[in-house]
Amino acid sequence: MDSEKYPIEELVELYGLRWQCEVDYRHIKTTLKMEDFDVKTPEMFRKELAVGLLTYNLICALIVKGAIVAGVPPQQLSFSSCTIRLLDVLHSGVPFWVYESNKLQEWLLNRIAKCQLPDQPNKVPHEPRKVRSRPQPFPTLKGSREDARKQVRELMAPENLIS
């Protein structure tokens with residue numbers, strides 16, 4: 001709570017960066033398919049997590065280099081598109097002329113630099129973190145649970161059931 005040690009301006013700036021952390025976490029989970037781990041031991045979980053985070057860091061490093069080539073901030077490149085391009089290179093290989101000319105890094109970074117997000121001038125910078133209410137399968141409980149139990153017992157009494 002020390003205002004000299006933690007100025008309000010710095011705290012506000014750090015909080016503004018929180019959204020990018022949320023986006024990065026979403027990329028780790030969804031784009032790299034790390035929502036679920038099909039492992040049986042803690043050791044294997046740690047290994048899969050480490051490999052996933054290394055993969056994420058490799059992609060981010062290439063995105064930063066690609067952003068330098070494109071002359072844009074790294075957030076301006078699509079993580080998903082860059083990942084797809086890298087996977088395409090891993091699966092399909094590199095054209096022979098790239099090997100022949102010894103320009104693999106330049107070729108790859110130029111491909112990544114093309115993964116720019118579209119310009120959205122009317123985009124709302126921040127959306128409220130709220131969820132629309134979804135219809136529930138059961139009505140909401142009003143009053144005490146004991147009163148609700150009594151109502152159900154009365155409805156289920158033999159004299160109230162239609163035969």
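Per DSSP H run of at least 4 residues, take -39500 (n - 2.57); add these up for the chain, divide by its residues and hand me the 222 nm value, nearest 500 deg cm²/dmol.
About -18000 deg cm²/dmol.
Amide H contacts under 5 Å for residue 77: 117, restricted to partners 5 or more places along the chain or on a different chain, H placed in the peptide plane at 1.01 Å from N. Under a model in which nothing but the beta-carbon of Lys, Arg (+1) and Asp, Glu (-1) is charged, the chain shows a dipole of about 480 debye around its Cα centre. Structure remark: mean-square fluctuation, Gaussian network model of the chain, C-alpha springs under 10 Å; the largest value among 110, 122, 102 belongs to 122.
Relative to the longest principal axis of the Cα atoms of the chain, helix 104-113 runs at roughly 40 degrees.
For the stretch 13-163, the relative contact order works out to 19 percent when only alpha carbon pairs closer than 8 Å and six or more residues apart are counted. Provide, for q = 0.15 Å⁻¹, the log10 of I(q)/I(0) from a solvent-free Debye sum over equal Cα point scatterers in the chain. Normalising to I(0) and taking log10 leaves -1.04.
Which order do 4, 10 take when ranked by solvent-accessible area (1.4 Å probe, heavy atoms of all protein chains), largest first? Walk me through the intermediate numbers first.
Details: 4 160, 10 105 Å².
Ranking 4, 10 by accessible area, largest first, yields 4, 10.
Note on residue 101: accessible area is roughly 50 Å² with a 1.4 Å probe, heavy atoms of protein only. Who wins for biggest fluctuation among 72, 12, 89 in a Gaussian network model of the chain, springs between alpha carbons below 10 Å? Most flexible of the set in this elastic network: 12. Within the straight-line cut-off of under 23 Å between alpha carbons, the lysines reachable from residue 114 are 65, 103, 123, sequence neighbours fewer than 8 places apart in one chain being disregarded. Here the Karplus curve 6.51 cos²θ - 1.76 cosθ + 1.60, taken at θ = phi - 60°, turns the phi angles of the stretch 25-32 into couplings of 5, 5, 4, 4, 6, 8, 5, 8 Hz, with x standing for Gly and Pro. Under a Gaussian network description of the chain, with springs only between Cα atoms under 10 Å, the residue in 41, 140, 55 that fluctuates furthest is 140.
The values are calculated or read from the model by the stated rules, or taken from the named source; none is laboratory data. Note that this is a predicted model, so its numbers are computed, not measured. Cβ sites come from the backbone with ideal geometry, for glycine too, and all protein chains shown count toward neighbours. SASA here: full protein model, heavy atoms, side chains in, ligands and nucleic acids out. Shrake-Rupley method; radii C 1.70, N 1.55, O 1.52, S 1.80 Å.
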